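Trainee: After the structure tokens below, expect a handful of questions from me.
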Amino acid sequence: MKAGIAAALALVAALGDNEAMAGSGDGNQLITACQTVVKYMDGTKNVDSYDFGYCIGIVEATEGSMIILNDSLPAKLKTCFPEDGITNGQKARIVVKSLQENPAILNQPATYLTMLAFKTAYPCK
């Protein structure tokens, strides 16, 4: 229980302090990488494997962390992911859409931007 609370506090702090996630690249790198995943999902099979892996790694790790910590977070920070899950293609599309709609924040850390994209796509009611 204490570990969950500590992890939740760390997430809350990270949401408020983007510097905590600076090591994961920024939105410029993330949008390029996730566009690669979208192209692959749409049928283009000759894509950059580094970009593909980078996007999937960021979206998978971020979603997993958010799900694990969700129960320990205050209501305003919770994200209500679908119970039947999200495909990697859906995750990439959510991130690309969010970043295209918010180009002014592409300088922010990739993990932070992924959290914002998921929180916007799956708000709790």
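The numbers here are math on the coordinates, done by the rules we state, and not lab data. This structure is a prediction, so every number in the text was calculated from the model and none was measured. Here the Cβ is made from the backbone with ideal geometry for all residues, glycine too, and neighbour counts use every protein chain on show.
Trainee: Taking the Cα centroid of segment 61-76 and of segment 102-125, what is the distance between the two, rounded to the nearest whole Å?
Mentor: Their Cα centres are 14 Å away from one another.
Trainee: How much length is gained on full extension from Thr32 to Lys125, taking 0.36 nm per residue of separation minus their Cα-Cα distance?
Mentor: Roughly 30.3 nm would be gained on extension.
Trainee: Along the Cα→Cβ direction, 7 angstrom out, place labels at Asn102 and Ala75. What is the inter-label distance in nm?
Mentor: Result: 2.3 nm between the two label points.
Trainee: Okay, next question. I need the calculated FRET efficiency for the pair Asp48 and Thr87, taking r as the beta carbon distance and R₀ as 22 Å, to the nearest 0.05.
Mentor: Working from the Cβ atoms, E equals 0.65.
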